[in-house]
Amino acid sequence: MINAITESISRALDAEFGGRCKIYMEEKEQDLEGPCFFIQCLNPTGSLFLGRRYFRRSQFCIQYFPASESSPNRECNGVAERMYACLEYIDLGGPWQGTGMNSRVEDGILHFFVNYDGFVYWQEEETPAMEELEVHSKMKGGS
């Protein structure tokens, strides 16, 4: 589920920013060159709600590394405004609404937080029924 949400966030960002920004989903060892996004799920939780129904909370942090060295805060603020709009709803086989959106700029990097919470239904795998069974037996001392 987390991978599906991450990929949907990536598609929404790519559509909004026209493919001009690289999008990373795995942490890089070296400094990232802007403009680019880094998507990570911070603290996923799940709890049994009823029967096979679970409520999942998934908080994501999307970091934006700006291209501008002269005015990174200004660039980050503009990107944050566009992210509020493009991440309000993502497509996961139906619309999922982002909640608890907030952002801050620290050290010239935008940190954008959004939650995608919802119910998940676990279905048991169907085990094929045995069609036929033949039994051959002999009794000791019987006919």
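The values are calculated or read from the model by the stated rules, or taken from the named source; none is laboratory data. The structure presented is a predicted model; accordingly, all values stated were derived computationally and were not measured. Cβ coordinates were reconstructed from backbone atoms using ideal geometry, including for glycine residues, and neighbour counts include every protein chain displayed. Ligands, DNA and RNA are stripped out before the accessible areas are found, and what is left, the full protein with its side chains, is counted by its heavy atoms. Shrake-Rupley method; radii C 1.70, N 1.55, O 1.52, S 1.80 Å.
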Handout entry: Where Asn102 falls short, out of the listed (1) part of a strand (DSSP E or B); (2) surrounded by 13 or more Cβ atoms within 10 Å (Cβ to Cβ)
Key = (2)
Problem - Test: residue in region 68-76 that is closer than 16 Å to Met1 by Cβ and of a type outside the set (Ser, Thr, Tyr) - result: no
Handout entry: All positions within region 24-52 that are over 19 Å from the mean Cα position of the chain (by Cα) and either farther than 17 Å from Asp14 by Cα or open to solvent by 50 Å² or more (accessible area, probe 1.4 Å) (or both)
Key = Glu29, Gln30, Asp31, Leu32, Glu33, Leu48, Phe49, Leu50, Gly51, Arg52
Completion exercise
For region 60-74 the number of residues that are out of contact with any Ser or Thr (no Cβ under 8 Å at 6 or more places or on another chain), open to solvent by 80 Å² or more (accessible area, probe 1.4 Å) and not in a loop (DSSP other than H, G, I, E, B) is 1
Exercise for the section: Could you please tell me which pairs satisfy a Cβ distance under 6 Å, a separation of 6+ or placement on different chains, a first residue in region 6-19 that is within 18 Å of Ser58 (Cα to Cα), and a second residue that is charged (D, E, K, R) and open to solvent by 20 Å² or more (accessible area, probe 1.4 Å)? Expected result: Ser8/Asp91
